[in-house]
Amino acid sequence: MPEMTDPHNSLVSFQEVYSQGRLVPQRCALHPDLSVFADRANGSPRFTYAQIESGIVKATVIYIFKQDIDGIPRFELGYAVAEGFRQRGIAMDVVKKSLAEIQKGLCQSGRSFYVRAVVGETNIASQKIAARLISSSPDQITDNVSGLPALAYLLLIKC
C-alpha cells in the first residue's frame, strides 16, 4: 500500500530547485518574512509559500487548485517544516500567514474559495495545526492516494 502524500518531499524539492537558482520566489505583501512562488502543477494553479532564511527553506505551505465544491474553487493545502526546524511553532506561524496572503491575493477577484487539508490519522502535530487554523470539526475519510485513514479539514474563505 502506498503512503500518504508527504508535503516534506515538496519542501525538499523546492529547496533543491531554489538552491540551483531555477526559481525566484517573490516577497509576500502582508508578511515579508514569507516568499511565494506561483506555477502550475499538472496544469493546475499552485502557490508555494516559503519561509527562507540565509538560503535555507525552513518551511513551505502549498496550495494546489482542485475541483470546485458546489461551484466554489477549492485548493488543497499541504505544509511541511524542514527536519532541523521542527517543534518550534514554525508550521503554525507559516500556515497562518500563508492563509492571510492567499486570501488577500485571491479575494481581489471577489470570489470566495475553499481550502482543504487532508492529514493522516497518526499525524497529531499536523492535526493540531489544521484544527486550529482550518476547521475544528474534520471529516474522517480514507486518503484517496494511500487508502489510509485520514482527517479532512475544510475552510470556506469568503471574499
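The values are calculated or read from the model by the stated rules, or taken from the named source; none is laboratory data. Since this is a predicted model, take the numbers as computed values, not measurements. Don't worry about glycine lacking a Cβ; one is built from the backbone with ideal geometry, like all the others, and counts go over all protein chains shown. To get the accessible areas, we keep the full protein, side chains included, count just its heavy atoms, and leave off ligands, DNA and RNA. Shrake-Rupley method; radii C 1.70, N 1.55, O 1.52, S 1.80 Å.
Tally up the residues in segment 94-116 that are open to solvent by 80 Å² or more (accessible area, probe 1.4 Å) and more than 24 Å from VAL57 (Cα to Cα), please.
Residues in segment 94-116 being open to solvent by 80 Å² or more (accessible area, probe 1.4 Å) and more than 24 Å from VAL57 (Cα to Cα): 3 in total.
Tally the residues that are in a helix (DSSP H, G or I) and either under 20 Å from CYS107 (Cβ atoms) or free of Cβ contacts under 8 Å to residues at least 12 places away in the same chain (or both), restricting the search to segment 17-40. If you could, list the steps in order and put the result at the bottom.
The first filter runs over segment 17-40 and keeps only residues in a helix (DSSP H, G or I), leaving 17-19.
Then drop every residue that is not either under 20 Å from CYS107 (Cβ atoms) or free of Cβ contacts under 8 Å to residues at least 12 places away in the same chain (or both), which leaves 17.
Qualifying residue count, segment 17-40: 1.
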Mind checking which pairs have a first residue in segment 117-132 that is more than 20 Å from TYR63 (Cβ to Cβ) and open to solvent by 60 Å² or more (accessible area, probe 1.4 Å) and a second that is at pLDDT below 95 and part of a helix (DSSP H, G or I), Cβ under 6 Å, 6 or more apart or different chains? none
Among the candidates PHE65, PHE75, single out the residue that is at pLDDT 95 or above, open to solvent by 50 Å² or more (accessible area, probe 1.4 Å), in a strand (DSSP E or B) and of a type in the set (Phe, Trp, Tyr). PHE65
The residue from ARG116, ARG111 that alone is closer than 15 Å to ARG74 by Cβ, assigned to a loop (DSSP other than H, G, I, E, B) and not aromatic (Phe, Trp, Tyr) is ARG111
Would it be correct to say that LYS58 is at pLDDT 95 or above, under 19 Å from ASN9 (Cα atoms) and touching a helix residue (DSSP H, G or I) at 6+ places or on another chain (Cβ under 8 Å)? yes
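Can you tell me which residues in segment 130-159 are hydrophobic (A, V, I, L, M, F, W, C) and either touching an Asp or Glu at 6+ places or on another chain (Cβ under 7 Å) or more than 18 Å from TYR114 (Cβ to Cβ) (or both)?
Step one: list which residues in segment 130-159 are hydrophobic (A, V, I, L, M, F, W, C), which gives 130-131, 133-134, 141, 145, 148, 150-152, 154-157, 159.
Residues satisfying the conditions are VAL145, LEU148, ALA150, LEU151, ALA152.
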Determine, yes or no, whether ALA50 is surrounded by fewer than 19 Cβ atoms within 10 Å (Cβ to Cβ) and outside any helix (DSSP H, G or I). no
Conditions (1) crowded, with 18+ Cβ neighbours inside 10 Å; (2) without any contact (Cβ under 8 Å) to a residue 60 or more places away in the chain; (3) among the hydrophobic types (A, V, I, L, M, F, W, C); (4) part of a helix (DSSP H, G or I): number failed by ALA59: (4)
